[in-house]
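Here is the structure we will look at.
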Amino acid sequence: MLPELAKIKGIHPGVILKREIKLRGLKNKELADSLEEHAQTIGAILKEKRSINPNLSIKLGHELGVANDYFMILQTSYDVKKAIQINSSTKTPDLAKIRKVLFWDTDFNKINWDTDRKPVLKRIFERGNEIEINEVISFYGRETIMKELKNTTNNFLPSFQENFDKHLLS
């Protein structure tokens, strides 16, 4: 039985299809034949290298006993999640103004400046210089920083509170 959409939104439909094929004891070729599709098409979807299109969603829905748009909704949800990840990872502060050495324990090029906001701010306010602090203020905005750091009292270096007060409360 296929899972409820709400529980699996954002997952590539190939993952769900692969699981269902296995549970039903089918082979990729058998499913492809029953759908009148090429086995390579099904294989590419199962490997998450190809998307589900509306016609295939209808065929899969009929074959697997779910709504015709079940796999299309999954595909759309996956595409939206992927777009969000791409958009959020491409927005960065001016990296020429931030020393990589501040993030000695992290791959600087893999920092997601959106999802890693709190640890980035903590590090910059603890160890950053004026230019770096001003750059993150410019990038995130005062309001966002205040909201993100307002309830933080974790063992910060004294320089954190000093820089926080100096740049954001003045």
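Report the paramagnetic label zone for Gln40: residues of the range 5-31 whose backbone N is under 18 Å from a point 7 Å from Cα along the Cα-to-Cβ axis.
28-31
Measure of size requested: the Rg and Dmax of the range 31-70, with Cα atoms as the atom set and Å as the unit; please supply both.
9.6, 24
Averaging sequence separations of C-alpha pairs under 8 Å and six or more residues apart, then dividing by the length of the chain, give the relative contact order as a whole percent.
For the chain, the relative contact order is 18 percent.
Among the aspartates and glutamates, select those whose C-alpha is under 19 Å from the C-alpha of Lys22, and discard any that sit fewer than 8 residues away in the same chain.
Within reach: Glu4, Glu30, Asp33, Glu37, Glu48, Glu63.
Less than 9 Å Cβ to Cβ from Leu2, Lys/Arg counted +1 and Asp/Glu -1: what total charge do the surrounding residues give?
-1
Strictly over 30 Å apart at the Cα level, which of Lys18/Lys118; Lys7/Lys29; Lys27/Lys110; Lys81/Lys166; Lys7/Lys97; Lys91/Lys150 would you flag in this model?
Lys18/Lys118; Lys27/Lys110; Lys81/Lys166; Lys7/Lys97
Subtract the Cα-Cα distance of Thr144 and Arg99 from 0.36 nm times their separation in residues, and report this length gain in nm to one decimal.
Length gained between Thr144 and Arg99: 14.0 nm.
For the range 1-84, what is the Kirkwood estimate of the hydrodynamic radius, computed as the reciprocal of the mean inverse distance between distinct Cα atoms, to one decimal in Å?
Taking every pair of different Cα atoms in the range 1-84, averaging 1/r and inverting gives 12.6 Å.
Which FRET efficiency, nearest 0.05, do Gln85 and Asp107 yield, Cβ-Cβ r, R0 22 Å?
The calculated FRET efficiency here is 0.85.
Around His62, what is the net charge, scoring Lys/Arg as +1 and Asp/Glu as -1 over all other residues with Cβ under 12 Å from its Cβ?
Here the count lands on -2.
In the calculated pair distance distribution of the range 24-157, what percentage of Cα-Cα distances lie above 26 Å?
48 percent
Taken together, the values in this text are just the output of simple stated rules run on the coordinates, not laboratory data. In this text, all values refer to a predicted model and were calculated from it rather than measured experimentally. Please note: Cβ atoms are built from the backbone with ideal geometry, for glycine as well, and neighbour counts cover all protein chains shown.
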